[in-house]
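What follows is a single structure, written as structure tokens, with notes after it.
The values are calculated or read from the model by the stated rules, or taken from the named source; none is laboratory data. Keep in mind it's a predicted model, so treat the numbers as computed, not measured. We place every Cβ from the backbone using ideal geometry, glycine too, and count neighbours over all the protein chains shown.
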Amino acid sequence: MLATLMADGFLTSYTDLRTELSAHTGESVSRYGGENAVIREEIVRCLWFGGHFPQDELTTDCGKRLEVLNPGWWNVEGGPDFIRAEFLMENAGRLTGDVEVHTCAGAWWRHGHHRQPEYNNVALHVAMWNDAGERPVVKENGEQVPQLTLNDYIEEEMAELADIFDMEEERGGHAERFCTRALTEGDIPPQWLERFLEAAGDHRLQYKAGMFGQLLTDRPIERVLYRNISEALGYKNNRMPFIQLTRHLPLKTLREITPADATAEQRSKILEAVFLGTGAFLDAADTKALDGESAQYVSDLREIWDTFPKEIPGTQMTPAHWIITGTRPANHPVRRIAALAGLYATHLHEGLFGRIVRCMQSGCARGRRRADTVMRDELTSIFTGLRAPYWSYRYNFHSRPIEQPTALIGTQRAGAILTNVLLPLLLAYARKEDEEELENNVFMIWSRLPGSPPNRILKRMGHQLFPNEKGAGQSVRSFRKQQGMQQLYNDCCLTESGCRDCVLYHAWHA
């Protein structure tokens, strides 16, 4: 184990240990705590809607093959969670109906859906875990509903989503663990632990790259990039509406309605009108309540939007799909949509990924700036450099003008896009195309990234793994190690088995 931790480049030792441990225990070590973890139902809905599973390789609990064609519309009113979903089912053909989602299957009865007529159009029941055994799902009209248990198809992706959605509670509390005791007593050298965390962080990035690699087998890279950047711009509250927006407005549609020979400003206005019109923000804007500049701006966008045929998908989105409460003014969805429009006004026809790759080819030090810093800054400047005459001085249509221009995408959000989208996607592309130099440059950036502000989990793991305050601070300053701490927490610290099935425990005793 020590030898593999000393290797150069991306480390695979953590991945190997997880595989060995899984074979030893007979179960996956990354089921997000299995049935012992408490997971909000909202996360399961996100998994379903976001398609974080092989949608054409599913089998219902009764053994019928299932392929999801459309997860449905996110229902913001009463009744089933998703409406008008479409899927193919063995011996039933193409089905259209509603989908109800629960964390555990037994909630169907606990919530009384078997007595509620409004659930009679449910065509599929989706649960993260089946705690009801073979008990059939029955509607008020007596018909049975096929059930899909997602836990059979999802591995670490639950952990990825948990980075964004908070857990309702934690199991195990803050009792002393093996790692804390061993480090306090000096049994584990701090240098070894830090290298172990780097290996865990590398596993995390390489897992994301593997997920992107699977997508690239049958999807254009620009499509994958568009979807994931849009999702990242939605932050925690509006990730799903942004995904829905990209489904209604795929790149093919945007290219068809946006002339390549138009100016960048004209293209940005067109895309902004289409995005905001589809997202229902233009209809919701009351021009009588706006100041002169904003009223004119909305009128101009509406004029553009009205020129497009109404069969453009997305007109069924409503203001209720968006969560505004609790959103910082600078992060208002309309500003993020304007940023997305500005980003693709420049790169819609030429391709955004090409520019990203060119940034990675500029891996030379400049003056006192290291090569990794140069590449990182060029990548993030794609987003932080976005400007708009109107939106740089406005938070939304109804806000007053602000004195100093505010970035459409700040440095922190650009950094999140870099680490969660660009680097794993570049690594997936490099390995797919056997681009060794590109992979080396990805590793150069990744291994030297400074840490981000610690969240609740990182603070806990910092004190648990580095009992002295100085050590905890050092670990937090390295993003690679932070990701390793997050991975270890998701893999091991959420389970009731605790240290017994901990990768760190088995690594040290290997």
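A few remarks follow.
Yes or no, residue by residue, for (1) without any contact (Cβ under 8 Å) to a residue 12 or more places away in the chain; (2) of a type in the set (Val, Ile, Thr):
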residue: Pro401; (1), (2): no, no
residue: Thr419; (1), (2): no, yes
residue: Glu433; (1), (2): yes, no
residue: Phe443; (1), (2): no, no
residue: Met461; (1), (2): no, no
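- Test: residue in the range 158-172 that is closer than 21 Å to Glu57 by Cβ, out of contact with any helix residue (DSSP H, G or I) (no Cβ under 6 Å at 6 or more places or on another chain) and either outside any loop (DSSP other than H, G, I, E, B) or at pLDDT 90 or above (or both): yes
- Ala320 falls short on exactly one of the conditions (1) under 28 Å from the mean Cα position of the chain (by Cα); (2) outside any helix (DSSP H, G or I); (3) at pLDDT below 95, and that condition is (2).
- Test result for Phe275, under 23 Å from the mean Cα position of the chain (by Cα), assigned by TED's automatic domain parsing to the domain that holds Ala345 and not small (Gly, Ala, Ser): yes
- Of the numbered criteria (1) assigned to a helix (DSSP H, G or I); (2) surrounded by 15 or more Cβ atoms within 10 Å (Cβ to Cβ), the one Glu437 fails is (2).
- Selection status of Ala280, without any contact (Cβ under 8 Å) to a residue 24 or more places away in the chain and not β-branched (Val, Ile, Thr): no
- Subset tally (residues that are out of contact with any helix residue (DSSP H, G or I) (no Cβ under 7 Å at 6 or more places or on another chain) and part of a helix (DSSP H, G or I)) for the range 263-299: 10
- Checking each residue in the range 332-390 for being more than 27 Å from Pro220 (Cα to Cα) and surrounded by fewer than 18 Cβ atoms within 10 Å (Cβ to Cβ) picks out Cys364, Ala365, Arg366, Gly367, Arg368, Arg369, Arg370, Ala371, Thr373, Arg387, Pro389, Tyr390.
For every residue, the table says whether it meets (1) in contact (Cβ under 8 Å) with a residue 12 or more places away in the chain; (2) under 26 Å from the mean Cα position of the chain (by Cα); (3) not assigned by TED's automatic domain parsing to the domain that holds Pro136.
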{"position": "Asp61", "(1), (2), (3)": "yes, no, no"}
{"position": "Lys64", "(1), (2), (3)": "yes, no, no"}
{"position": "Glu67", "(1), (2), (3)": "yes, yes, no"}
{"position": "Glu77", "(1), (2), (3)": "yes, yes, no"}
{"position": "Arg84", "(1), (2), (3)": "yes, yes, no"}
{"position": "Met89", "(1), (2), (3)": "yes, no, no"}
{"position": "Gly93", "(1), (2), (3)": "no, no, no"}
{"position": "Gly97", "(1), (2), (3)": "yes, no, no"}
{"position": "Glu100", "(1), (2), (3)": "yes, yes, no"}
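- Flag if Ser478 is within 13 Å of Gly201 (Cβ to Cβ) and modelled with pLDDT under 90: yes
- Scan the range 84-122 for residues that are surrounded by 20 or more Cβ atoms within 10 Å (Cβ to Cβ) and more than 17 Å from Gly63 (Cβ to Cβ) and the total you get is 11.
- Scan of the range 217-252 for residues that are part of a helix (DSSP H, G or I) and surrounded by fewer than 17 Cβ atoms within 10 Å (Cβ to Cβ), ordered by number: Glu222, Arg223, Arg247, Lys252
- Phe466 satisfies every condition listed in (1) assigned by TED's automatic domain parsing to the domain that holds Leu11; (2) modelled with pLDDT of 80 or more except (2).
- Test result for Gly9, modelled with pLDDT of 75 or more and small (Gly, Ala, Ser): yes
- Subset of the range 61-88 [basic (Lys, Arg) and closer than 22 Å to Asn130 by Cβ]: Lys64, Arg65
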